[in-house]
1. Rounded to two decimals, what is Rg over Rh for the stretch 77-157 when you use alpha-carbon atoms and the Kirkwood radius?
2. Within the P(r) computed for the stretch 117-166, what percentage of the Cα pairs occupies the region above 15 Å?
3. In 10 Å bins starting at 0, how do the alpha-carbon pair distances of the chain split up by percent?
4. What's the extension gain from Lys128 to Met1 if we count 0.36 nm per residue and subtract their Cα-Cα distance?
5. Nearest 5 is fine: what % of DSSP beta bridges in the stretch 131-235 come out antiparallel, could you say?
6. What percent do you get for the relative contact order of the stretch 1-158 when only Cα pairs under 8 Å and 6+ apart count?
7. Among Lys136/Lys160; Lys3/Lys77; Lys160/Lys228; Lys2/Lys99, which pairs are too far apart, with a Cα-Cα distance over 21 Å?
8. Gln67 versus Ser188, label points 7 Å from Cα toward the beta carbon: distance in nm?
Amino acid sequence: MKKVVILSGAGVSAESGISTFRDSGGLWEQYDVMDVASATGWKRNPALVLDFYNQRRAQLEHVEPNQAHLDIAALEKDYEVVVITQNVDNLHERAGSTKVIHLHGELTKVRPEDSYTAEDRYDESRVKNVGFVAVKPGDVDERGVQYRPHIVFFEEAVPKLYDALRELTEADFMIIVGTSLLVQPAASLWQYTPVDCPVYVIDPKDTPIDGEESVVPIRDKASTGVAKAIEMIKATS
Ligand code: OAD
């Protein structure tokens, strides 16, 4: 089976009703990223950070996957599919995707704040599912350590990066959908695909890589653009 690797960003969930970060009206217009989504912000005011992610988690309970998530999940009938997502929602899984790498963590999970190891990895056995429940200052694990969101904050390493790179080096096709490609290392991942791997980029706006040789820009929203990319892939394989 040929392998399709997807890289998704906030835009794939926009039509499900989740705000993107950098569009007009996006989350980073309402919040300072360093206050609510950085390691410094967590040290300075954990209650504010917990509250920010509690709101995101509560919203997630009331949204549904859209056609883009469903089309990506259905692709598993004919291809080996790996989804690398920058999103912390679980809409790819809820649509039926079985192999999802969350580069920036997951909203429905928390872990104690001391769970990083020396290798910049966290101890998976201490990660806890909380579903859509709010987490408060004083919520601690059995060792008495405060729980924090299972999110990769700005200023932190990206432990799943190496898993993502391994998948991309074996890709026959790549689809990038709904990301401004402004945050590293996710923005550079496409460069690790084999030279003959086409990279379909779906976004209603221009992206920084539209002119690159292997890139096929699809100027569309996710709910219809993903289907177009899949049609092009099926026509060549
Ligand atoms: P951005 O908000 O930076 O970019 C969203 C992209 O989605 C933009 O290029 C939009 O044009 C596009 N878009 C909007 N509506 C769309 C639709 N209906 N269909 C398809 N595309 C659409 O979000 P990301 O690139 O995901 O990290 O942001 C990357 C990271 O920055 C996030 O994971 C988050 C953020 O700070 C952390 O918090 C660690």
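1. 1.02
2. 57
3. Over the chain, the share of Cα pairs per 10 Å bin runs 8, 32, 35, 19, 5, 0 percent.
4. 42.3 nm
5. 10
6. Contact order relative to length: 26 percent.
7. Result: Lys136/Lys160; Lys160/Lys228 exceed 21 Å.
8. It is 3.7 nm.
The values are calculated or read from the model by the stated rules, or taken from the named source; none is laboratory data. Source: prediction; values computed, not measured. Cβ atoms come from the backbone with ideal geometry, glycine included; neighbour counts cover every protein chain shown. Remember, those area values only see protein heavy atoms, side chains included, never the ligands or the DNA or RNA. Shrake-Rupley method; radii C 1.70, N 1.55, O 1.52, S 1.80 Å.
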